[in-house]
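Right, one structure below, let's go through it.
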Amino acid sequence: MSSKKTKKRIYIFDTTLRDGEQSPGASMSVEEKLLVAQQLKKMHVDSIEAGFPISSPVQFEAVKLIAQKVKGPIITGLARAMKKDIEACYNATKYSSRPGIHTFIATSDIHLKHKLKVSRERALEMAYDAVKFARSKVENVEFSAEDATRTDLKYLAEVVRTVIKAGAKVINLPDTVGYAIPSEHKYMIEYLLENVPESRDIKFSVHCHNDLGLATANSLAAVEGGALQVETSINGIGERAGNAALEEVVMGLYTRSDYLNAECKVDTTEIYNASKLVSSITGISLQPNKAIVGVNAFAHEAGIHQDGVLKNKKTYEIMNPKVIGIPTNKLVLGRHSGIHGFSKRVESLGFSLNKKDLTLAFNKFLILADKKKEVYDDDLLLIINEVIHSGSVRNASVYELKYFHVLSGNKVIPDATVVLSYGKDEFKASAIGDGPVDAVYKAIEKITDINFKLENYKINSATSGKDAQGEVSVMISYKKKLYTGHGSSTDVVEASTKALLSALNRILLIKEMVKKNK
């Protein structure tokens, strides 16, 4: 009788807070980063890359705070192959019970020649020295060969051999520009395992970008080839077209563990909440057909599909939505319900709010219950995420909406009056525009005196029913930087106003953090 083959343990290294934050407009406050890190811990990811400590005082403080507060995963920071970067990384992560340093240097000829302007030999020396110095600080040292997939394989093998001698525990082979094809990505791992025998004692890791839409495919191909760690970000956010999405990689391992003979320890039931949280904090909404977490991911429009699903869900559903934590969308307690029942419902959705935030969320729920006949779990998730998001600005000097009034119609010039509070002060302004939203935005610009440009505006129905909440995401530019904002309401103009204030307050918070750390 044959015994069942033991599945490979795949480690998940999440870089939402470092590479993910490099998405245009996705910068997070220190408090927001901590919220995401706590959710990642709840998901049981193995490593959290909390930031790039040397890059700014704000980044340093965020990594330090996460190292102090989040126990369990390895807390690591990014560092170039330079002594000052590694020192900064250590000083930020040393507060963790499991501190890590992730140091890197480019290895492809195009990067060596045009970016670093060093020889292959010099790059080897720099890599060795960096890893050696990092190992003198912490045990968990990861080395990345930037642009590995465009690096000559024989030279890449030499790099791997060198950093293993220096003490690297994990060697990451990034597809930095999303260039690889899955079959060659798999071959790269197999080649190194065969030609560098000592590499069998360390973990190979992969960090795939999505420029050709192959990040998840390349990540899983690398697992087939022998990689034991995958680097991901929630919702796939990151530089350019983004990174391999955590939810796609994890559910790929979960759904096809039979073929891949591999598994990870991530709690899949927290995927949906994590996706909603990151979307709310960054203001980056998901396209409806986004794999795993898009609103259409489990929708069936075609008649033949609907018929099959009704007969047996497995005909067209390879995953159960409950596995990723999608709520049943059943009605929640009504407007006459007490806070105790509301608290239980919040807990059942996977959230733990402190007394102050719970009261705030309950009051928002009561207001919404007065507006809507039917309040669903998705409505609650919007409220909870709004409360969590507002926690980082509650004690800061930011603008809050007191009220607005608009006059609009197809035969009327749109006119808006807006009143905002800033601390204990209130400000009022009126403006006309091309439409009610434009008029409100111009009034807000008068009050805040922040000369922004609206780069992108998106609206979608966030919940069910004809009185559904509208969810608005905006991207604005200010002083050559992009900022995103996010808002929801049963009133589209109010949702649009909240989204803009979210983006403008992000500007104010970042200014405040920079000022504090000067």
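Listing for the model above:
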{"read-out": "Count - residues of segment 283-335 that are within 19 Å of LEU381 (Cα to Cα) and either modelled with pLDDT under 65 or among the polar types (S, T, N, Q) (or both)", "value": "7"}
{"read-out": "Odd one out for SER461, checked against (1) at pLDDT below 85; (2) among the polar types (S, T, N, Q); (3) surrounded by 19 or more Cβ atoms within 10 Å (Cβ to Cβ)", "value": "(3)"}
{"read-out": "Subset of segment 225-269 that is under 21 Å from GLU142 (Cα atoms) and touching a Lys or Arg at 6+ places or on another chain (Cβ under 6 Å) - its residue that is surrounded by the fewest Cβ atoms within 10 Å (Cβ to Cβ)", "value": "LEU228"}
{"read-out": "Count of residues meeting criterion [under 27 Å from the mean Cα position of the chain (by Cα) and among the small types (Gly, Ala, Ser)] in segment 135-167", "value": "3"}
{"read-out": "Single condition TYR272 does not satisfy, out of (1) more than 21 Å from ILE74 (Cβ to Cβ); (2) at pLDDT 95 or above; (3) buried (at least 20 other Cβ atoms within 10 Å of the Cβ)", "value": "(2)"}
{"read-out": "Restricting segment 397-455 to residues that are in a helix (DSSP H, G or I) and among the basic types (Lys, Arg), the residue that is surrounded by the fewest Cβ atoms within 10 Å (Cβ to Cβ)", "value": "LYS446"}
{"read-out": "Test: residue in segment 141-159 that is polar (S, T, N, Q), modelled with pLDDT of 95 or more and either touching a Pro at 6+ places or on another chain (Cβ under 9 Å) or not assigned by TED's automatic domain parsing to the domain that holds ALA67 (or both)", "value": "yes"}
{"read-out": "Leading residue by the ranking (farthest from LYS64 (Cα to Cα)) among those in segment 8-22 that are over 10 Å from the mean Cα position of the chain (by Cα) and crowded, with 24+ Cβ neighbours inside 10 Å", "value": "ILE10"}
{"read-out": "Sole residue being at pLDDT 95 or above and not hydrophobic (A, V, I, L, M, F, W, C), chosen from SER47, SER23", "value": "SER47"}
{"read-out": "Some residue of segment 362-376 being closer than 19 Å to LYS42 by Cβ and either assigned to a helix (DSSP H, G or I) or at pLDDT below 90 (or both)", "value": "no"}
{"read-out": "Contacts under 8 angstrom Cβ, first residue in segment 53-71 being assigned by TED's automatic domain parsing to the domain that holds LEU17 and surrounded by fewer than 22 Cβ atoms within 10 Å (Cβ to Cβ), partner modelled with pLDDT under 95 and charged (D, E, K, R), 6 or more apart", "value": "PRO57/LYS518; LEU65/LYS33"}
{"read-out": "GLU32 more than 13 Å from the chain's Cα centre (by Cα), among the acidic types (Asp, Glu) and assigned by TED's automatic domain parsing to the domain that holds LYS276", "value": "no"}
{"read-out": "Where ALA416 falls short, out of the listed (1) in contact with a strand residue (DSSP E or B) (Cβ under 8 Å, 6 or more places away or on another chain); (2) modelled with pLDDT under 90; (3) aliphatic (A, V, I, L, M)", "value": "(2)"}
{"read-out": "Matching residues, segment 476-488, being farther than 11 Å from ILE459 by Cα and either more than 17 Å from the chain's Cα centre (by Cα) or surrounded by fewer than 22 Cβ atoms within 10 Å (Cβ to Cβ) (or both)", "value": "ILE476, SER477, TYR478, LYS479, LYS480, LYS481, LEU482"}
{"read-out": "Test for ILE384: is it part of a helix (DSSP H, G or I) and at pLDDT 85 or above", "value": "no"}
{"read-out": "Filter result for GLU194 (within 26 Å of GLU248 (Cα to Cα) and assigned to a helix (DSSP H, G or I))", "value": "no"}
{"read-out": "Single match in SER285, SER219 (criterion: part of a loop (DSSP other than H, G, I, E, B), buried (at least 16 other Cβ atoms within 10 Å of the Cβ) and of a type outside the set (Asp, Glu))", "value": "SER285"}
{"read-out": "Checklist (1) under 30 Å from PHE351 (Cβ atoms); (2) surrounded by 18 or more Cβ atoms within 10 Å (Cβ to Cβ); (3) not charged (D, E, K, R) applied to CYS89, failing item", "value": "(1)"}
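Conditions (1) in a helix (DSSP H, G or I); (2) surrounded by fewer than 21 Cβ atoms within 10 Å (Cβ to Cβ), marked per residue:
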residue: PHE133; (1), (2): yes, no
residue: PHE143; (1), (2): no, no
residue: TYR155; (1), (2): yes, yes
residue: VAL160; (1), (2): yes, no
residue: LYS165; (1), (2): yes, yes
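Conditions tested, residue by residue: (1) more than 20 Å from SER27 (Cα to Cα); (2) touching a residue at least 24 places away in the same chain (Cβ under 8 Å); (3) in contact with a strand residue (DSSP E or B) (Cβ under 9 Å, 6 or more places away or on another chain).
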site: ALA431; (1), (2), (3): yes, no, yes
site: ALA439; (1), (2), (3): yes, yes, yes
site: ILE444; (1), (2), (3): yes, yes, yes
site: ILE450; (1), (2), (3): no, yes, yes
site: SER461; (1), (2), (3): yes, no, yes
site: ALA499; (1), (2), (3): no, yes, yes
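The values are calculated or read from the model by the stated rules, or taken from the named source; none is laboratory data. Bear in mind that the values here come from a model prediction, so they are computed numbers and not experimental data. We place every Cβ from the backbone using ideal geometry, glycine too, and count neighbours over all the protein chains shown.
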